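Data first, discussion second: the structure below is written as structure tokens.
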Amino acid sequence: MVLINPFCPISAAKIASLKATVILLLVLLMKSKLLRIKMSVLGSFLGFAILVSFLLSAGVLTVITGGAVAYAAMQNRGN
């Protein structure tokens, strides 16, 4: 029986993808709430700020996930 190591890079990739999914769902929820508000300058600015923050966080999570996969590949090559 193989025990699952919680510090394994593959587990880190799974956790990062779950975080990205949760962030995406939260952004969509905020967007729907913004659409209920009449689109004013403030609403447009908030929508743009949320979009930019989502894109930045998705990019960071992608880099982290890529690093975890690369690290796992290097560890497997060394063995």
Within the set of pairs 6+ apart or on separate chains, which have a first residue in segment 33-58 that is in a helix (DSSP H, G or I), a second that is modelled with pLDDT of 70 or more and open to solvent by 60 Å² or more (accessible area, probe 1.4 Å), and C-beta atoms under 8 Å apart? Leu34/Leu46; Gly47/Lys31; Ile50/Met30; Ile50/Lys31; Phe54/Leu24; Ala58/Leu24
Condition test on Ala73, is it at pLDDT 80 or above and aliphatic (A, V, I, L, M)? yes
Can you confirm whether segment 45-53 contains a residue that is hydrophobic (A, V, I, L, M, F, W, C), at pLDDT below 75 and either open to solvent by 100 Å² or more (accessible area, probe 1.4 Å) or more than 21 Å from the chain's Cα centre (by Cα) (or both)? no
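The values are calculated or read from the model by the stated rules, or taken from the named source; none is laboratory data. Being a predicted model, the structure only gives us computed values, none of them experimental. Note: ideal-geometry Cβ built from the backbone for every residue, glycine included; neighbour counts use all protein chains shown. To get the accessible areas, we keep the full protein, side chains included, count just its heavy atoms, and leave off ligands, DNA and RNA. Shrake-Rupley method; radii C 1.70, N 1.55, O 1.52, S 1.80 Å.
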